[in-house]
Each structure stands twice: as C-alpha cells, then as structure tokens.
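This report concerns only the one structure given below.
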C-alpha cells in the first residue's frame, strides 16, 4: 500500500510540474504579437506602399527570421512574393496602427528573387522562371 501511495504521489508531482511547464502566468516581456506584422502594409522611406506581409518566417528556436512580402499585382493577381530579413523592417505606431517600413523601393523588391509557397514541404521555395 505504501508503494502505491508513493507511486501516486510521484505521478501527481510529475503531472503537476509537466502542466506548469507548458503554460505561462504572464506574457514574456519584450514580446510582440505576429499580428503587428502579418497582413500589414509595408512602406518605403517616402511613405509609398511597397506591398503587404503575407507570411512570417520563424526558425526552429522560435526566432523570427524573415517576412514574406507580396509586391506588385492587383488584388493578389500578378503579385510576386519576396523574402526580406526580419531585421530590415522597421516598426513604429502611427494612428494606432503598426507602420512598417523598409529601406527599399517597390521596384527593388520587384527585381528581387521571387518565392512560391510549397504546400507539400510547407516552406517557401524559389520561384521557377
């Protein structure tokens, strides 16, 4: 009976600690939400719209590494997706909305290598010309 009680106590302790490790009691400091970027417009330094963020790329450690920006086209038709380093995008808040800027022009991005999303590998792959 003592072994059963000790076993149950150990199982309860392991379950409690496992549960505690999978949740947080508060959001991490300095953390941002993906919605500050995803589907947001991106502007050049002259405040001309370059395109929209179509995806946020995250490495296996959880670090955001790049943004997929859709440029050109009209209502998604003829749009080209390019990847820019996450560190290249600057953020500020303007009129209670996130304002994203990039030190490149729309033409710079139109001339950059394009990417297509591959559903089979769930990654962005270079566009074939």
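Where a number appears in this text, it was derived from the coordinates with a stated rule and is not lab data. Keep in mind the model is a prediction, meaning the values are calculated, not measured. Every residue, glycine as well, gets a Cβ built from its backbone with ideal geometry; the counts of neighbours run over all protein chains shown.
Couple of notes before you dig in:
- Separation in nanometres of the label points that stand 7 Å from Cα toward Cβ, at residue 46 and residue 31: 4.1
- Placing pseudo-labels 7 Å out from each Cα toward the beta carbon at residue 120 and residue 39 gives an inter-label distance of 3.0 nm.
- Label-point gap, in nm, between residue 105 and residue 57 - each point 7 angstrom along Cα→Cβ: 2.5
- Longest to shortest principal axis, alpha-carbon extents of region 34-126, angstrom: 39, 32, 21
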